[in-house]
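First up is the structure itself, then whatever we jot down about it.
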Amino acid sequence: MKILVYGAGVLGSYLAHTLMQAGNEVFMLARGERYEQLAQDGLVIQHYFQRKKTIDKINVVRSLEASDYYDIIFVVMQYHQFQSVLPVLAANVSENIALVGNNADAESMRDFLIKNSAIKKKVAFGFQISAGMRTDTGTVISIHGGGNVLAGELGGTMETFPVIKKAFGEKYKVTYQKNIDAWLKSHYIMILPMNSIYYLFNNDFKKVSKDKHALKRMIEATDEGFSILEGLGYTITPATQAKLFRQYKGVYYLAMKIYHKLPMSRVVQGTFDEMNGLYEAFDKMKTQTQYARPVWDTLQKEAMDKYHSQSQLPRDSKKSAGLL
């Protein structure tokens, strides 16, 4: 299959690697310094748990033209970046599109692609279970297990899923998520409090692990977020997530305490720009419910006050090394 991975960050890089392992003809869209790194050195990934390095000679392009046909395009980027590429995707002749990553507006993005394309677009949404960071030299440090991608389509259809499954081959696990919109919303409710705490603590994970109040705020804010989603008619997905989280908060607290002591927790990179976008999207949803959310609102205000105060500072000052 001829496949384009639109986005050459940490997650897009590992996704491209797995697609190449499955025998596909893979292209990556990158610009600037990242384009030069990939063109000259190839796709270099240090696999954290596996303790190995892979180097893939990959096709690199700078743009997606309207006439560039691919069997499927995987768009792998942060939530706040999706909107800028939708017109380009709509104008392109490729039929199958998979938007991979955090997403608070799946329905409107799908509708835009369908409405503004001259051909029938089949749109799926997904999430890759991996994380990591990219070094200044372009090497990606990737944290992943055996490999797993969740994918689904709004309305429970399966038009694009067979193409996605075929693309990854037999060795990589691809899980169909019937209610992908609820899954994506449940996921970002989990990561917003986490990343807010990390941001407020300047990504000092050791300090976070020792701060009982911070960890409890993280947990209580997540619980409030789940309740807001439920009040709006969404089912926390997977359903066991909220049940286990609420019934075993003590266990979750200990798990978070241990996790933030591990070296692995410091090899995850992101910026708070994405969290800002997710907060803005959730703010619109919150106005539709009267559920009390004191911990969530306070934590959000503290994080956003810091974010806005640093809006004129260099980009590195807004980094959030949290879960993606």
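The values are calculated or read from the model by the stated rules, or taken from the named source; none is laboratory data. The shown structure was predicted, so the numbers you read here are calculated from the model rather than taken from an experiment. Here the Cβ positions follow ideal geometry from the backbone for every residue, glycine too, while neighbour counts run over all protein chains shown.
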Taking only pairs six or more apart or across chains, which ones have beta-carbon atoms under 6 Å, a first residue in region 107-132 that is closer than 30 Å to His47 by Cβ, and a second residue that is at pLDDT below 95 and in a loop (DSSP other than H, G, I, E, B)?
-> Ser130/His144; Ala131/Val268; Ala131/Leu324
Kindly list the number of the only condition in (1) modelled with pLDDT under 90; (2) not in a loop (DSSP other than H, G, I, E, B) that fails for Gly277.
-> (1)
Leading residue by the ranking (nearest to Tyr199 (Cα to Cα)) among those in region 228-273 that are within 20 Å of the chain's Cα centre (by Cα) and charged (D, E, K, R) = Asp273
Subset of region 131-152 [in a loop (DSSP other than H, G, I, E, B), surrounded by 15 or more Cβ atoms within 10 Å (Cβ to Cβ) and not polar (S, T, N, Q)] | Gly138, His144, Gly147
Between a first residue in region 287-305 that is closer than 13 Å to Ser196 by Cβ and of a type in the set (D, E, K, R) and a second residue that is assigned to a helix (DSSP H, G or I) and modelled with pLDDT of 95 or more, which pairs have beta carbons less than 7 Å apart while being 6 or more apart in sequence or on different chains?
-> Glu302/Leu200
In region 159-179, how many are closer than 13 Å to Phe125 by Cβ and part of a loop (DSSP other than H, G, I, E, B)?
-> 5
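Any residue at all in region 233-241 that is in contact with a strand residue (DSSP E or B) (Cβ under 9 Å, 6 or more places away or on another chain), touching a residue at least 24 places away in the same chain (Cβ under 8 Å) and surrounded by 15 or more Cβ atoms within 10 Å (Cβ to Cβ)?
Within region 233-241, not a single residue is in contact with a strand residue (DSSP E or B) (Cβ under 9 Å, 6 or more places away or on another chain), touching a residue at least 24 places away in the same chain (Cβ under 8 Å) and surrounded by 15 or more Cβ atoms within 10 Å (Cβ to Cβ).
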Flagged in region 153-173 as touching a helix residue (DSSP H, G or I) at 6+ places or on another chain (Cβ under 9 Å) and either among the acidic types (Asp, Glu) or crowded, with 18+ Cβ neighbours inside 10 Å (or both), in numbering order, are Glu153, Ala167, Phe168
Of Val140, Val123, Val100, the only residue that is touching an Asp or Glu at 6+ places or on another chain (Cβ under 8 Å), more than 29 Å from Val295 (Cβ to Cβ) and hydrophobic (A, V, I, L, M, F, W, C) is Val123
Could you tell me whether Leu200 is more than 24 Å from Lys122 (Cα to Cα) and either of a type in the set (A, V, I, L, M, F, W, C) or modelled with pLDDT of 95 or more (or both)?
-> yes
Does Thr289 satisfy the criteria of being β-branched (Val, Ile, Thr) and at pLDDT below 95?
-> yes
Strands (runs of 3 or more DSSP E) wholly inside region 10-86 containing at least 3 residues that are in contact with a helix residue (DSSP H, G or I) (Cβ under 7 Å, 6 or more places away or on another chain) | 72-76
Condition set under 20 Å from Gly250 (Cα atoms) and among the hydroxyl-bearing types (Ser, Thr, Tyr), scope region 199-227, selection nearest to the chain's Cα centre (by Cα): answer is Thr222
